[in-house]
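Report on the structure given below.
The values are calculated or read from the model by the stated rules, or taken from the named source; none is laboratory data. Quick caveat: nothing in here was measured; it's all calculated off a predicted structure. Cβ placement follows ideal geometry from the backbone for every residue including glycine, while neighbour counts extend to all protein chains displayed.
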Amino acid sequence: MKNRAALIFGYNDYALEIAKNIRDEYENVYLYSLNSEYDILKNKSGFEIKSFDLSDKWDELNENIDIEKSIAFCVLEDSAENIFLTISLRSSFDALNIIALSNNKQTANKLQMAGANKVIPLVQTTAEMISEMLQKPIVKEVFHNILFESGTLKIAQVKIDENNKYIGEAISDIDWSRRYGVMILAIVYEDMSTEFIYSSKIKHHIVNKNDLFIIVGYEADMKEFEKMTGSICD
Amino acid sequence: MNFLSRLVVDGAYFLNTSEAYQRKKRFFYDILENDRFQYKKYFDIFMITLIFSSVIILIVEVKSEMNIYLKFFNVYVISFIFFVEYILRFWISSSVSEIIISRSEHATALGRKFYLYKAIIGVITAKLSFVFSIKAIIDLLAILPFFHELRLLRLFVLFRVFKLFRYTKSFQTFTSVLSTKKFEFFILLMFSSVVIFVSSVLIYVMEAHNPASPVNTFFDALYWSIVTISTVGYGDIVPVTTEGRIVAAFVIIAGISVLAFTTSIIVSAFTEKLDEIREIKTIDNIRKLKHFYLICGYESVAQEVAKKLKNSKITIIVLDEDIERINSAKKDGLIAINYDPGNIDSYKKIGIDLNTQVESILCLRENDVENVYTTLTVRSISRDVNIISLLMDDANRNKLKFAGANEILYPKGLVGMISKELIGRPVAFEVIHALRNDYYGVDVEEILVDERMSQNLVHVSELNNVKFRIVLLGIYKKETKRFFFNPMDGTLLESGDYLLVIGNSAFIREFEKHLHKKIRT
């Protein structure tokens, strides 16, 4: 039987941080190393280390991993190798969700061209965080808590199912913040285009089946809200 | 110690500990000598204006009769102001009380007898070193017409023009640059003097006996030599004999070499000192800044941070010991100085006040050792300045905290957290990311509730944010340091609170204006 797994390519601090953070989400987390013999010897992380090389044809993955339900992280320190790895994975697996790490904008563009579904621009993200610390420290703290910390304030995605009682209602008529204590930040339509709740276009939007609402609220309110509306896909 | 000595030493201690006396002396020092003092420039402008007025009056007076009031103004008023300035400079040039105290304490420490006359000699020496400084001599000569109205002494008014040099920094820079080439100028002077002397003697010998020649005296010969060697050549005195013309040819060639030598000395002095001059100018500009961010280390993260902060109203200053990184910062349009951020002397040289001028210090070297070192250095100077540091290896987190960093950013940990969000709530993550970066023209801002606002707006219901299509995400209460999400209408607004609002950037600005204008009815 094929496994649902998180495949992390590269054995370094980034890989270990990713593995630590996602270990609860995936039943199997594998770290792939280019220098496996040495890395296995010094490995104290508790994660299984496998070996790979850039000319790999990924037969083992094909046999054992459920590609559609798995995710791959390309975090090799050498940008050229990371891009090559991304291309190699994409050319073998169309359905694999690939997240890659880039050090600069140029590499980020190349990784996207190589087929990564999502690129984390390391330097840019770090810089954004620092500038937010300086210019909007409260915004930074609040959003950081909402996203990364285990506080009571949460963010969630609510999918409107076909039995939802709000289908057909104009979005401007809905006031969930007072009724349920949750706040809608944005709506993602079926075609995956995003519209923020504050834009003028959205005022006339009629709630449809499969609309995805991005909401913020306290955990308890979220649960109440879930009972009343649709499913929270957290 | 005899009675007189005791009296003098007591008097010195009294002056040295008198707050009023020291405050006054400090004020006059600042206004006369301290370039960082905000009112000094006004004093300088005032003095420059006086000098120009004085010189203009003098020029007009050369050929026409001067108005009696203007004459009085020039001779007495301006001279009196210069005299007061001279006395003040004399006063602040050294501290008499400190010299006496140091002599007295020195004698006590060594168990020797204190001699008042030695202390007085020390005071006189210190004051004379001021009196005989070039600037002080010029100052004194500029006052002389006040005391003597003799025709000859009026020429000394020209010294007032020289006083301008005291107030023009560029001239001081020019002389300091040239002073680095003293030896070269000495050689040039020697060479020119020899050529002038030899050529003067030769031209005098060759020409003086010829009745057709304009060279009649040795002074004529000297004058001709100087005019020729300087390549000016007025033509009022020219050699008429063949021998004299041969001498002239040699002097002309020597003149060209003197000119070329002089030019090359000046150019090389400026080339060598150009970076230093630029640095001095940069430091001067930094000292004048009221608020700025100080980035220590200009590597890739620092470059991105600088790009993001460039649009903010606060200036960014970069400190780095690596010249290539400094050049890169300068290319990016930033103010950058090639000083080591881990060295206390760097901050002393720049002369900035970390507590009042620096908003935050960003230790952004991609090297924990450097960041810890810089943090510790800065913390040893200021206990209060906000320090944000980059952390490359989580094992060093405690070291950075211990060194005194207020906030630490660990990019590797950030990647881990982002990865978790990307697999758990990818859409929600993207939405927040877009919101934070104003991707769709929708922004999230913090609005400070100031004293006035809190008096005119008591409850959340009075904000009227819906009218501006602004969503109030929550209120950050300063007192409790807690964030209240989706506050009830009856929530009290207090001075120091922050409103976290989301909406179109333009609407947020309008909303903020509305909050400031709103008056309680």
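For region A:26-48, does any single residue satisfy the condition of being in contact (Cβ under 8 Å) with a residue 40 or more places away in the chain and within 13 Å of another protein chain (Cβ to nearest Cβ)? The answer is yes; a qualifying residue exists. Residues in region B:478-501 that are more than 18 Å from A:Val142 (Cα to Cα) and not in a loop (DSSP other than H, G, I, E, B): B:Leu492 alone.
Inclusion of B:Lys412 among residues that are closer than 18 Å to A:Ile130 by Cβ, in a helix (DSSP H, G or I) and either modelled with pLDDT of 80 or more or facing chain A (nearest Cβ under 7 Å) (or both) is warranted. Counting only helices (runs of 4 or more DSSP H) wholly contained in region A:1-92, the ones carrying 1 or more residues that are farther than 21 Å from A:Ile120 by Cα occupy A:36-42, A:59-64, A:79-92. Facing another protein chain (nearest Cβ under 9 Å) and modelled with pLDDT under 85: does that describe B:Asn456? It is false that B:Asn456 is facing another protein chain (nearest Cβ under 9 Å) and modelled with pLDDT under 85.
Taking region B:1-36 as the range and being acidic (Asp, Glu) and exposed (fewer than 13 other Cβ atoms within 10 Å of the Cβ) as the test, the residues that pass are B:Asp10, B:Glu19, B:Glu33. Given the criteria among the aliphatic types (A, V, I, L, M), assigned by TED's automatic domain parsing to the domain that holds B:Lys513 and crowded, with 21+ Cβ neighbours inside 10 Å, does B:Val372 qualify? For B:Val372, the condition - among the aliphatic types (A, V, I, L, M), assigned by TED's automatic domain parsing to the domain that holds B:Lys513 and crowded, with 21+ Cβ neighbours inside 10 Å - is not met.
In the set A:Ala95, A:Ala116, A:Ala108, only one residue is at pLDDT 90 or above, away from chain B (no Cβ under 11 Å) and not in a helix (DSSP H, G or I); that residue is A:Ala116.
Taking the listed residues B:Thr356, B:Thr375, the one that is in contact with a Gly (Cβ under 9 Å, 6 or more places away or on another chain) and β-branched (Val, Ile, Thr) is B:Thr375, with no other qualifying.
Pairs are defined by a Cβ separation below 6 Å, a sequence spacing of at least 6 or placement on different chains, a first member in region B:341-356 that is in the same structural domain as B:Ile295 (by TED's automatic domain parsing) and more than 13 Å from B:Asp320 (Cβ to Cβ), and a second member that is hydrophobic (A, V, I, L, M, F, W, C) and part of a loop (DSSP other than H, G, I, E, B); the pairs so defined are B:Leu354/B:Val385. Selection within region B:31-68: residues that are in a helix (DSSP H, G or I) and either aromatic (Phe, Trp, Tyr) or not assigned by TED's automatic domain parsing to the domain that holds B:Ala142 (or both). The member of this set that is farthest from B:Phe82 (Cα to Cα) is B:Tyr42.
Here is a yes/no grid of residues against (1) more than 16 Å from A:Val119 (Cβ to Cβ); (2) surrounded by fewer than 21 Cβ atoms within 10 Å (Cβ to Cβ); (3) in the same structural domain as A:Leu34 (by TED's automatic domain parsing); (4) in contact (Cβ under 8 Å) with a residue 24 or more places away in the chain:
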| position | (1), (2), (3), (4) |
| --- | --- |
| A:Asn62 | yes, yes, yes, yes |
| A:Ile65 | yes, no, yes, yes |
| A:Glu68 | yes, yes, yes, yes |
| A:Ala72 | no, no, yes, yes |
| A:Leu76 | no, no, yes, yes |
| A:Glu81 | no, yes, yes, yes |
| A:Phe84 | no, yes, yes, yes |
| A:Ser91 | yes, yes, yes, yes |
| A:Asp94 | yes, yes, yes, no |
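Restricting attention to region B:154-165, does a residue exist that is at pLDDT 85 or above, assigned by TED's automatic domain parsing to the domain that holds B:Leu88 and in contact with a Ser or Thr (Cβ under 6 Å, 6 or more places away or on another chain)? No, region B:154-165 contains no residue that is at pLDDT 85 or above, assigned by TED's automatic domain parsing to the domain that holds B:Leu88 and in contact with a Ser or Thr (Cβ under 6 Å, 6 or more places away or on another chain).
Would you confirm, using the coordinates I've provided, whether B:Val227 is surrounded by fewer than 14 Cβ atoms within 10 Å (Cβ to Cβ) and either modelled with pLDDT of 90 or more or not in a helix (DSSP H, G or I) (or both)? Spelling it out, it is not the case that B:Val227 is surrounded by fewer than 14 Cβ atoms within 10 Å (Cβ to Cβ) and either modelled with pLDDT of 90 or more or not in a helix (DSSP H, G or I) (or both).
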